[in-house]
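A quick write-up on the structure given underneath.
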Amino acid sequence: MAITPLMPVYPRCGVRPVRGEHCHLIDEDGTRYLDFASGIAVNLLGHSHEGLIGAIQKQAETLMHVSNLYGSPQGEKLAQMLVDNTFADTVFFTNSGAEAVETAIKTARAYHQSAGNDHKHELITFTNAFHGRTMATISASNQTKMHHGFQPLLEGFKYCEFDDLEMAESLIGPNTAGFLVEPIQGEGGIRPASDAFIKGLRALADEHDLMLALDEVQCGVARTGKLYAYEHYGITPDIVATAKGIGGGFPLGACLATEKAARGMTFGTHGSTYGGNPLAMAAGTAVMEAVANEAFLANVRETGERIRTRLEQFIGNYPDLFELVRGKGLMLGIKMKVESRPFFVHLRDNHQLLMVAAGDNTLRLLPPLVIGDAEIEEFFEKLSAGAADYKIPEAS
Ligand SMILES: *Cc1c(COP(=O)(O)O)cnc(C)c1O
């Protein structure tokens, strides 16, 4: 048999972590890596965080799972925390980001269709977006590499150039239900939408009675130094999909919505067996208790600024390698002038620094939000050493 027991959909690298300690991962053979990937913006409290472990342990001993047929004191508590700290009036819990986006898509359609506007089903989505790997979420992205082999796609998505407000307006038609957009594209290369774009989408949504649904699966949960990235833009969304960081490493996602936006999400319209189970709620509550306060958020902003300033100075030493730094808070990208992937592999294999490659030849920095001076020093040592001994591969 040639196929591996793990379905071979990931080109896995040689790093095989078996333990995590704060901002480091330790490999099977004992090698220590500085983790500036955080499981792709997931482990925001780092690895082996005592509070998070304690909350999960205690809940696992008490009650791990019950059906959503029963009342949920654990879910009510976390939903209330999210409602108190965001624009949302109501929350649906999922197990992943794609499911949170799926719920956002269904909520946007149901907003119109529950009011008798059955033709309104189209969402305007944006180039180089990433919304997940389910049929609906790959259909929502124009990235054809995710479509190959999985046709036909789901109907009802119109692709618009990211950050192009004029084009977004021109795509609005009688079937439009709303917009689905990442305020800061993650996989697309840490590309923040402009202020005018997000504010403009809000205005268009108001004018045409459309849903503004944000995919904050990567940029949400304190990553950018605000609890959610929409706060940077001074707007109120209708729907937000969140996941990744919200469980701190425990699989958890959520769809947040205003009361108005959720008008179609009534008894029996949606569900999930695991979604919102007590164990996940304990993890999410521990994360929210740690991050949803101004002191924590201000520290993320301050740390992000410090790293960014140093990065901007640093890249000036290597004008052939690096172009610019972009992003917000601790969601930062270094756009390279050469292919970013081989450099990311070089840092990983020769300097034990883990980052994430992204679109547009960008190197993503997504460190745990709890990094301190020691980790920042270690990061710059590894990055400097890595840039100094990097040989740009010959174009093949
Ligand atoms: C990771 C990601 C998703 C998908 O989340 P999964 O948990 O992998 O399903 C969706 N949207 C964005 C912006 C993401 O970064």
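Tally time: how many residues in segment 201-227 are farther than 18 Å from T94 by Cα and either surrounded by 20 or more Cβ atoms within 10 Å (Cβ to Cβ) or in contact (Cβ under 8 Å) with a residue 24 or more places away in the chain (or both)?
Within segment 201-227, the first condition is being farther than 18 Å from T94 by Cα, and the residues that meet it are 201-212, 222-227.
Now restrict to residues that are either surrounded by 20 or more Cβ atoms within 10 Å (Cβ to Cβ) or in contact (Cβ under 8 Å) with a residue 24 or more places away in the chain (or both): 201-202, 204-205, 208, 210-212, 222-227.
Number of matching residues: 14.
Pairs, please: C-beta under 8 Å, at least 6 apart or cross-chain, first residue not assigned by TED's automatic domain parsing to the domain that holds T31 and in segment 354-375, second of a type in the set (D, E, K, R) and modelled with pLDDT of 95 or more?
If the second residue must be of a type in the set (D, E, K, R) and modelled with pLDDT of 95 or more, no pairs are left.
I need every pair where a residue in segment 148-174 that is acidic (D, E) has its Cβ under 6 Å from the Cβ of a residue that is crowded, with 17+ Cβ neighbours inside 10 Å, sequence separation at least 6 or different chains.
D163/A193; D163/F197; E169/L204
Going through R326, R263, R310 one at a time, which residue ends up being in the same structural domain as A41 (by TED's automatic domain parsing), farther than 19 Å from S67 by Cα and in a helix (DSSP H, G or I)? It would help to see each step written out before you state the result.
Numbers: R326 fails: in a helix (DSSP H, G or I); R263 fails: in the same structural domain as A41 (by TED's automatic domain parsing).
Being in the same structural domain as A41 (by TED's automatic domain parsing), farther than 19 Å from S67 by Cα and in a helix (DSSP H, G or I) holds for just one of R326, R263, R310, which is R310.
Looking at E50, E76, E99, which is the one that is under 25 Å from G275 (Cβ atoms), of a type in the set (D, E) and free of Cβ contacts under 8 Å to residues at least 12 places away in the same chain?
Working: E50 fails: under 25 Å from G275 (Cβ atoms); E99 fails: free of Cβ contacts under 8 Å to residues at least 12 places away in the same chain.
Just one listed residue meets the conditions, E76.
Just for segment 79-96: of the residues that are of a type outside the set (A, V, I, L, M, F, W, C) and touching a residue at least 60 places away in the same chain (Cβ under 8 Å), which one is farthest from the ligand (Cβ to nearest atom)?
First pass over segment 79-96, keeping only residues of a type outside the set (A, V, I, L, M, F, W, C): 80, 84-86, 89-90, 94-96.
Checking the rest, the ones that are also touching a residue at least 60 places away in the same chain (Cβ under 8 Å) come to 85-86, 89-90, 94-96.
Details: N85: 20, T86: 17, D89: 23, T90: 21, T94: 9, N95: 8, S96: 4 Å.
Looking at the filtered set, the residue picked out is D89.
Just to verify a result, which residue in segment 122-143, among those that are aliphatic (A, V, I, L, M), within 11 Å of the ligand (Cβ to nearest atom) and closer than 19 Å to I198 by Cβ, is surrounded by the fewest Cβ atoms within 10 Å (Cβ to Cβ)?
Ranking the candidates gives A129 first.
Which pairs have Cβ atoms under 7 Å, sit 6 or more apart or on different chains, and link a residue in segment 240-255 that is hydroxyl-bearing (S, T, Y) to one that is modelled with pLDDT of 95 or more and near the ligand (Cβ under 10 Å from one of its atoms)?
Short answer, once both residue conditions are applied: T242/A100; T242/E216; T242/V217; T242/G220; T242/G253.
The values are calculated or read from the model by the stated rules, or taken from the named source; none is laboratory data. All values derive from a computational prediction rather than experimental measurement. Cβ: placed from backbone, ideal geometry, glycine included. Neighbour counts: every protein chain shown.
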